[in-house]
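A short worksheet on the structure shown next.
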Amino acid sequence: MQENRHGLVVDRRTFIAGGILALTAFPGATRAAAVIGTVDEARGTVSRRARGKLAAMRAGADVMDRDVILTGDGSFAEMTLGEATKLLLGSRTELLVDSFIANQGGTIELGTGGMIFDRPEQQPKIDLTVRTAFGMIGVRGTKFFAGPNRRPFAVFVERGLVSFTAAGVTRQVGAGEGVDVAAPGEPPGPVVRWGEARIREAYASIGVR
């Protein structure tokens, strides 16, 4: 037994048990956020929002689980998640890295703007879900664009296959194909082949020439 400065008697076992309970209830107090990637390139204004704080990001910065990555007007970012998954972000983009495990996958959320996802064919396939206001994109090792393009939102697949689901309708989009969504809450349009001009236009919006 021990007496504290207020004159209250505290059993030592009760004190230790209470400390363990506090650490269990607030695991973040003892475990830092996991590093899941790095920033390869940052052009213009690129920031991270984490735990309510905004900080500038430069090439070489760590990407942490639950980070929100933001790019300013005319700004672009390139990141590597895990060992080989590339994410390229266009101007005025907001992306939440909800969860990611190297060589397994996870979930990211594209809030605004556009992105290119690229995972080399020789790498093991991963299961990744991209959430957007316009629908859900299911990915397993591929290269695709997602973001505004001629319509409020479009998905184009350069390599591989993705499934895009919106308003209860799922489209399978293969290499060289794209699909548009007119507005959040509406189903995707038909899958169509994209011409070179539209592909260049989409990629240019992500800073890729």
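The values are calculated or read from the model by the stated rules, or taken from the named source; none is laboratory data. This is a predicted model, so every value here is computed, not measured. Positions of Cβ are backbone-derived with ideal geometry, glycine not excepted, and every protein chain shown enters the neighbour counts.
A few points about this structure:
- Among the residues listed as 99, 91, 75, the single one being in contact (Cβ under 8 Å) with a residue 60 or more places away in the chain, of a type in the set (S, T, N, Q) and in the same structural domain as residue 199 (by TED's automatic domain parsing): 91
- Any chance residue 83 is of a type outside the set (Phe, Trp, Tyr) and part of a strand (DSSP E or B): no
- Restricting 81, 70 to those that are buried (at least 22 other Cβ atoms within 10 Å of the Cβ) and modelled with pLDDT of 95 or more reduces the list to 70.
- Positions within segment 193-209 being under 22 Å from the mean Cα position of the chain (by Cα) and not in a helix (DSSP H, G or I), in sequence order: 205, 206, 207, 208
- Residue 172 vs. criteria in a strand (DSSP E or B), loosely packed, with under 15 Cβ neighbours inside 10 Å and out of contact with any helix residue (DSSP H, G or I) (no Cβ under 8 Å at 6 or more places or on another chain): yes
- Matching entry among 170, 132, 142, 165 (being polar (S, T, N, Q), under 28 Å from residue 103 (Cα atoms) and modelled with pLDDT under 95): 142
Listed here are the residues, each with its yes/no results for (1) part of a strand (DSSP E or B); (2) of a type in the set (S, T, N, Q); (3) touching a Leu at 6+ places or on another chain (Cβ under 6 Å).
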| residue | (1), (2), (3) |
| --- | --- |
| 41 | yes, no, no |
| 47 | yes, yes, yes |
| 55 | yes, no, no |
| 59 | no, no, no |
| 69 | yes, no, yes |
| 77 | yes, no, yes |
